[in-house]
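Reading through the structure tokens given below for one structure.
Just so you know, all these numbers are worked out from the coordinates, no wet-lab data involved. Since we're looking at a predicted model, the values are computed, not measured. Positions of Cβ are backbone-derived with ideal geometry, glycine not excepted, and every protein chain shown enters the neighbour counts.
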Amino acid sequence: MEVDRAASAAAAGGSSSGAMAVDAAGSVEKPQFEALKPSEMSSGRPQFRKVPVPQHRFAPLKKAWMDIYTPVYEHMKIDIRMNLKAKRVELKTRQDTPDVSNLQKCADFVHAFMLGFDIADGVALLRLDDLYVDSFEIKDVKTLRGEHLSRAIGRLSGKGGKTKYAIENSTRTRIVIADTKIHILGSFVNIKVARDSLCSLILGSPAGKVYSKLRAVSARLAERY
């Protein structure tokens, strides 16, 4: 009797699990959840970013404030204000911010302006996803002092900025040389090519040799993409 009961219970269990499998495969639909809005993330609290303003960038920031404010506030739907006491630009998400990544894009845009990039170049950070800013110092490549350092900075720029513009145009990047600091804006691959060229110049390579190497690399990149 017990054996019969166990057998019948096993059969019943098998039939019920089979029915569940059929239901899961056939009639039961997967639940559809809408994407969370930025205002609903982090328990509905707004998210912030703060970008410090160096002393020498106050005047350019004041002059170009509306050019920075318009794309950030109107297009990216991010609140922006200048905190004069703390000397920084503060950014905050709003109820109608369409994408939470907009906040970081705007912070990168403002940071790029503080480093010395033009507004037109910085706006590309808002529009495109695969753009970055890479920074390094001349002393990271080679320890130079006095006249040697001055000559290295001169080699990077070239006469009237000729060398810098040549590297920018061939690698499709933007370069800012601020004293001994160098900032490069572009895609990951292009930044690497530009950085290699700048490092060669710092180490003492003549501009002509760097140009010929750049031409070869640019041709290879054009074939790949």
Notebook entry, point to check: Beyond 23 Å, what share of the Cα-Cα pairs of the range 129-225 remains, rounded to the nearest whole percent?
Noted result: 20
Check: Going highest first, how would you order 188-195, 135-142, 53-60 by mean Cβ packing within 10 Å?
Finding: 188-195, 135-142, 53-60
Check: Quick one: Cα convex hull volume of the range 31-127, Å³ per residue?
Finding: 97
